[in-house]
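What follows is a set of notes on a single structure, which appears directly below.
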Amino acid sequence: MIAENFNYDAPTSLEEAIALLHQYGDEAKILAGGHSLIPMMKLRFASPTHLIDINNIPGLSYVKEEDGYLKIGAMTKEVEVEESEIIHAKYPIFMDATKLIADPQVRNFGTLGGNLAHGDAANDHPAVMIALGAEVEITGKEGKRTVGIDDFFHGFYTTAVEHGEVLTEIRIPAASGNYGSAYHKAERKVGDYATAGVAVMVQIDDQGRCTKAGIGLTNVSPLPLRATRSEEVLVGSDLSEAVIAQAAQYAAEDCSPTEDLRGNEEYKRHLVGIITKRMLNKAIVRAKK
Amino acid sequence: MTKKITLKINGTEHTMEVEPRMLLVHAIRENVSLTGTHIGCDTSSCGACTILIDGKSAKSCTVLAVQAQGKEIATVEGLATAEGLHPIQEGFHLNHALHCGFCTPGMMMRAIELLEKNPNPTEEEIRWGISGNLCRCTGYNNIVKAIEWTSAKMQGKDLPSTEPEFV
């Protein structure tokens, strides 16, 4: 399959990339890892007239803790997250998630920024970022601005990244105290989108009380979803079995899955409940370690 | 508008004019006539088109030729030398790790990166490691054995038996 013709530029600075985006108008697209965009172009679901390849811009790929945040450069590849020491030590949720994203070859290309900027509720990082309470840095002609993850996803394939802007950094409040996180998605086979996926983060004080909780859901609603009622029941609780069951039930009730080849609505709600419960238990064990 | 690019494939530079929409796999197969890299699904699912770009395994049906400008590309044709087969080729040969052979070039290129990052993988790590490569003939067991054999060979360890197992 061959994409429609387009012009290609590979700028070497962010300023140059933003200038090109403005020059070419809204028919231009940014090429990051390309493993969502190029297949869509081959199928002619997308036919941008200009591709602006940002892979040659230095300084957009890193994973580091700084100023109370875990900072991930937008062009950091899935494989670089998988192999990052700080991720291994403190943010195992990314190990859970990246292992289930596509396959090793795709993870050699796919970027975290691209996974978010694609604006697809079937992608895995949106739910992870919701659970972790991330914020996203977007760079444009006027400079940088920051958008909270809850205001980032606007619709199917649309996000807070406006035309002429580039997503440049993802910031996650750094893990502190008894902090645990976990992600799992049910998938039919390697490389499939989630039938349902759940990302969980909990923070627990020394008395065993939950002080902070985040739950994000993958592919069970038109937009990546925060399970707000589940979080509310967890915060301030002792995370007893009954509380976890209640949180899982709320998540199953509050999502809005649609029937497809992966299952019907009832099955997907059931999965959300089960995975929420399992990931909460996993995150709690990790928090208490 | 075409672009002039130079691809360094298996150590040799090839300069060509391509449309930006040309996929890397087509540039390799059609412009350079290296047809060992196969096109299977053409949707980045099957891994038959796997090559190495700067040492990293990539599905060349999902990379544009223009993106590979100035990068080092390795394909299956570059594995064997005058001295003989590459250990991964030897491993696949001795362990009967192919039937029709269509997935084999991609499978071997993927296995090379896997073994470079993890010279001594467990069976589970091998199976996860080749999860982006589909084989419709072997049932994977002999492919896993071949990679285990190659791992031993490359580290100078005792070689596992290559006798077929009947279960």
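Some points to look at:
- Residue list for region A:98-110, restricted to those being in contact with a Lys or Arg (Cβ under 6 Å, 6 or more places away or on another chain), within 24 Å of residue A:221 (Cβ to Cβ) and of a type in the set (S, T, N, Q): none
- Qualifying residue in region B:59-68 (condition: surrounded by fewer than 19 Cβ atoms within 10 Å (Cβ to Cβ) and either touching a strand residue (DSSP E or B) at 6+ places or on another chain (Cβ under 9 Å) or more than 10 Å from chain A (Cβ to nearest Cβ) (or both)): no
- Cβ separations smaller than 9 Å between residues 6+ apart or across chains give the following pairs from region B:141-167 residues that are among the acidic types (Asp, Glu) to residues that are outside any helix (DSSP H, G or I): B:148/B:95; B:148/B:121; B:148/B:160.
- Residue B:166 over 30 Å from residue B:19 (Cβ atoms) and either aliphatic (A, V, I, L, M) or away from chain A (no Cβ under 11 Å) (or both): yes
- Of the residues making up region A:244-260, those that are free of Cβ contacts under 8 Å to residues at least 12 places away in the same chain and not in a strand (DSSP E or B) are A:258, A:259.
- When the test is whether a residue is within 24 Å of the chain's Cα centre (by Cα), farther than 24 Å from residue A:107 by Cβ, away from chain B (no Cβ under 12 Å) and in contact (Cβ under 8 Å) with a residue 24 or more places away in the chain, residue A:14 passes it.
- The sole residue among B:43, B:6, B:35 that is in contact with a His (Cβ under 8 Å, 6 or more places away or on another chain), of a type in the set (Ser, Thr, Tyr) and either in a strand (DSSP E or B) or under 27 Å from residue A:103 (Cα atoms) (or both) is B:6.
- Residue A:73 in contact with a helix residue (DSSP H, G or I) (Cβ under 8 Å, 6 or more places away or on another chain), buried (at least 19 other Cβ atoms within 10 Å of the Cβ) and within 11 Å of another protein chain (Cβ to nearest Cβ): no
- Scanning region A:56-96 for residues that are touching a Gly at 6+ places or on another chain (Cβ under 8 Å), of a type in the set (A, V, I, L, M) and free of Cβ contacts under 8 Å to residues at least 40 places away in the same chain yields one hit, A:63.
- Residue tally, condition within 12 Å of another protein chain (Cβ to nearest Cβ) and either closer than 21 Å to residue A:192 by Cβ or not in a loop (DSSP other than H, G, I, E, B) (or both), over region B:117-132: 10
- Per-region count, region A:123-165, residues among the hydrophobic types (A, V, I, L, M, F, W, C) and touching a residue at least 60 places away in the same chain (Cβ under 8 Å): 8
- Long-range neighbours under 9 Å by Cβ, at least six apart or interchain, first residue farther than 17 Å from residue A:101 by Cβ and within 7 Å of chain B (Cβ to nearest Cβ) within region A:33-46, second crowded, with 17+ Cβ neighbours inside 10 Å and small (Gly, Ala, Ser): none
- When residue A:62 is tested against (1) under 27 Å from residue A:11 (Cα atoms); (2) surrounded by fewer than 17 Cβ atoms within 10 Å (Cβ to Cβ); (3) touching a helix residue (DSSP H, G or I) at 6+ places or on another chain (Cβ under 8 Å), exactly one condition is not met: (3).
- Members of region B:7-36 found to be touching a residue at least 40 places away in the same chain (Cβ under 8 Å) and either within 15 Å of residue B:76 (Cβ to Cβ) or assigned by TED's automatic domain parsing to the domain that holds residue B:109 (or both), listed by number: B:9, B:10, B:11, B:24, B:28, B:34, B:36
- Candidates A:175, A:194, A:182, A:199 - the one that is under 14 Å from residue A:94 (Cβ atoms), outside any strand (DSSP E or B) and touching a strand residue (DSSP E or B) at 6+ places or on another chain (Cβ under 8 Å): A:175
- Picking from residues in region A:226-242 that are buried (at least 17 other Cβ atoms within 10 Å of the Cβ) and in contact (Cβ under 8 Å) with a residue 24 or more places away in the chain, the one that is nearest to residue A:149 (Cα to Cα) is A:226.
- Scanning region A:76-97 for residues that are of a type outside the set (Phe, Trp, Tyr), assigned to a helix (DSSP H, G or I) and more than 14 Å from every other protein chain (Cβ to nearest Cβ) gives A:81, A:85, A:86, A:87, A:88, A:89, A:90, A:92, A:93, A:97.
- For residue A:163, the conditions (1) surrounded by fewer than 16 Cβ atoms within 10 Å (Cβ to Cβ); (2) more than 14 Å from chain B (Cβ to nearest Cβ); (3) closer than 26 Å to residue B:44 by Cβ all hold with the exception of (3).
The values are calculated or read from the model by the stated rules, or taken from the named source; none is laboratory data. Bear in mind that the values here come from a model prediction, so they are computed numbers and not experimental data. Using ideal geometry, Cβ is built from the backbone for each residue, glycine included, and neighbour counts are taken over all protein chains shown.
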